[in-house]
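Participant: Take a look at the following structure, please.
The values are calculated or read from the model by the stated rules, or taken from the named source; none is laboratory data. Because the structure is predicted, anything quoted here is derived from the model rather than measured. Cβ placement follows ideal geometry from the backbone for every residue including glycine, while neighbour counts extend to all protein chains displayed.
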Amino acid sequence: MTLSPADGPATATALVWDWPLRVFHWALVLAVAGSFATHYAGMEWFDWHRRCGYVAAVLIGFRLAWGFVGPRYSRFSSFLRGPRAVIEHLRGRQPYPKAGHNPVGAVSVLVFLASLALQTGTGLFANDEIANAGPFYGWVTQETSNRLTGLHDLNSTALIVLIAMHLAAIAWYDGRRRLGLVRAFWTGRKAGVEGIRASRGGLALVIVVALIVALTLAIRAAPEASVNVYF
Ligand code: HEM
Ligand code: HEM
């Protein structure tokens, strides 16, 4: 295809979001949606609730590690700023960064990850007082498990609020301000910015395999325990 002068200059795009971060995000969407769906589908879906939850747990573990060893824009140090930067951003005194999370988005990323870590962490110890329990139920007393189940329940509501806010924020930035966030988070690329050199995919795979092995070993090591509050 030949370009006519009316097409304007071709804009070079650079890789901003590494592929492990993008796979993490879209896999997380499926795992979290699956965890909610399998809970609401009924008790007989609990095995699938557990499996979706394990996937979410490994993904969150990966993201926390990736915040320290991932490429530039995935690192916490590249986007977490102090409260002053957040206030300046809210007052519109700071230009929107062309690549990476903005200071307010960065806070929401952290809150999101903390809530997801709490959700998967408490799920591992939770029980339904009838038949189903997380794999680490045998490591705690019934009372502690009940408390953690309460947190699992409460935090699931917080998560729904966070997801709704997340979608509203993305719709605002992409719909009204046309920042192209979803497209960038899908393709990984943005125009006119300084990109990263590589995605560090090999390192990401090593981390994920290590997390799967650690979770499997911990589940195997946990004492067998059946839920028998009422029977
Ligand atoms: C992002 C991941 C997860 C989400 C969104 C999620 C969501 C939920 C929700 C909404 C409930 C119902 C709370 C209630 O009304 O009492 C629930 C219950 C439960 N979840 Fe999860 N969960 C997740 C991960 C996990 C994990 C990793 C496990 C561990 C295997 C787990 C085990 C349980 C158990 C044992 C219950 C209690 C059963 C019940 O009340 O039906 N969950 N979860
Ligand atoms: C269960 C639903 C969802 C969860 C739990 C979730 C979670 C997250 C998290 C944790 C991040 C931060 C990424 C990072 O670690 O650096 C993020 C970013 C992002 N998410 Fe989602 N997400 C969900 C659904 C969606 C959907 C449906 C879309 C698009 C339609 C979307 C678009 C984005 C975009 C564009 C970003 C990057 C924002 C930016 O450039 O600062 N998310 N999401």
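Participant: Looking at VAL161, VAL227 in this structure, which one is under 17 Å from the mean Cα position of the chain (by Cα) and closer than 24 Å to ALA37 by Cβ? Step through it out loud before you land on a result.
Facilitator: Numbers: VAL227 fails: under 17 Å from the mean Cα position of the chain (by Cα).
Result of the check over VAL161, VAL227: VAL161.
Participant: Could you name every one of the helices (runs of 4 or more DSSP H) located completely within segment 86-196 that has at least 1 residues being under 23 Å from ILE219 (Cβ atoms), near ligand 1 (Cβ under 9 Å from one of its atoms) and not β-branched (Val, Ile, Thr)? Can you show your working first?
Facilitator: Working: elements: 103-123, 142-171, 181-187.
In segment 86-196, the matching helices (runs of 4 or more DSSP H) lie at 103-123, 142-171.
Participant: Another one. Looking at segment 14-27, I want the residues that are more than 11 Å from PRO71 (Cα to Cα) and have a partner that is assigned to a strand (DSSP E or B) and within 12 Å of ligand 2 (Cβ to nearest atom) with Cβ atoms under 8 Å, at least 6 apart or on another chain. Which pairs are those?
Facilitator: Short answer, once both residue conditions are applied: ALA14/LYS190.
Participant: Counting only residues that are of a type in the set (D, E, K, R), out of contact with any Pro (no Cβ under 9 Å at 6 or more places or on another chain) and surrounded by 12 or more Cβ atoms within 10 Å (Cβ to Cβ), which one in segment 57-99 is nearest to LEU116 (Cα to Cα)?
Facilitator: ARG63
Participant: Something else: Among the residues of segment 29-49, are any among the aliphatic types (A, V, I, L, M) and either more than 12 Å from ligand 1 (Cβ to nearest atom) or in contact with a Ser or Thr (Cβ under 6 Å, 6 or more places away or on another chain) (or both)? Talk me through it step by step, then tell me what you get.
Facilitator: Initially, segment 29-49 is screened for residues among the aliphatic types (A, V, I, L, M), giving 29-33, 37, 41, 43.
Checking which are either more than 12 Å from ligand 1 (Cβ to nearest atom) or in contact with a Ser or Thr (Cβ under 6 Å, 6 or more places away or on another chain) (or both) leaves us with none.
Checked against the condition, which is being among the aliphatic types (A, V, I, L, M) and either more than 12 Å from ligand 1 (Cβ to nearest atom) or in contact with a Ser or Thr (Cβ under 6 Å, 6 or more places away or on another chain) (or both), segment 29-49 yields no hits at all.
Participant: Between ARG51, ARG93, which is of a type outside the set (Asp, Glu) and within 21 Å of ARG178 (Cα to Cα)? Before you say what the answer is, go through the steps one by one.
Facilitator: Details: ARG51 fails: within 21 Å of ARG178 (Cα to Cα).
Sole residue among the options that is of a type outside the set (Asp, Glu) and within 21 Å of ARG178 (Cα to Cα): ARG93.
Participant: Then there's this: Does segment 54-64 include one or more residues that are under 16 Å from HIS101 (Cα atoms), away from ligand 1 (no atom under 16 Å from the Cβ) and either basic (Lys, Arg) or assigned to a helix (DSSP H, G or I) (or both)? Steps first, answer last, please.
Facilitator: Within segment 54-64, the first condition is being under 16 Å from HIS101 (Cα atoms), and the residues that meet it are 63-64.
From what is left, the residues that are away from ligand 1 (no atom under 16 Å from the Cβ) are none.
No - not one qualifying residue is present in segment 54-64.
Participant: In segment 9-44, what residues are of a type in the set (Gly, Ala, Ser), over 24 Å from LEU154 (Cα atoms) and surrounded by 11 or more Cβ atoms within 10 Å (Cβ to Cβ)? Don't jump to the end; show me each part of the working.
Facilitator: Looking only at segment 9-44, we keep the residues that are of a type in the set (Gly, Ala, Ser), and these are 10, 12, 14, 27, 31, 33-35, 37, 41-42.
Keeping just the survivors that are over 24 Å from LEU154 (Cα atoms) gives 10, 12, 14.
The answer is ALA14, and nothing else.
Participant: Filter segment 50-76 for residues that are away from ligand 2 (no atom under 13 Å from the Cβ) and farther than 22 Å from PHE36 by Cβ and give the result.
Facilitator: VAL69
Residues are listed down the side, and each one gets a yes or a no for (1) surrounded by fewer than 17 Cβ atoms within 10 Å (Cβ to Cβ); (2) within 21 Å of the chain's Cα centre (by Cα); (3) of a type in the set (Phe, Trp, Tyr); (4) within 15 Å of ligand 2 (Cβ to nearest atom):
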residue	(1), (2), (3), (4)
SER115	no, yes, no, yes
LEU118	no, yes, no, yes
PHE125	no, yes, yes, no
GLY134	no, yes, no, no
THR144	yes, no, no, no
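Participant: Among the candidates LEU151, LEU179, single out the residue that is within 15 Å of ligand 2 (Cβ to nearest atom) and among the aliphatic types (A, V, I, L, M).
Facilitator: Values: LEU151 fails: within 15 Å of ligand 2 (Cβ to nearest atom).
After applying the criteria, what remains is LEU179.
Participant: Which of (1) within 11 Å of ligand 2 (Cβ to nearest atom); (2) over 23 Å from VAL213 (Cβ atoms); (3) modelled with pLDDT of 95 or more; (4) not polar (S, T, N, Q) does ALA27 not meet, given it meets every other one?
Facilitator: (2)
Participant: Ok, one more. Residue under question is ALA37, and the condition is that it be within 27 Å of VAL213 (Cβ to Cβ), assigned to a helix (DSSP H, G or I) and at pLDDT 95 or above; does it hold? Give the steps one after another, and end with the answer.
Facilitator: Values: within 27 Å of VAL213 (Cβ to Cβ): no; assigned to a helix (DSSP H, G or I): yes; at pLDDT 95 or above: yes.
So ALA37 does not fit the description; no.
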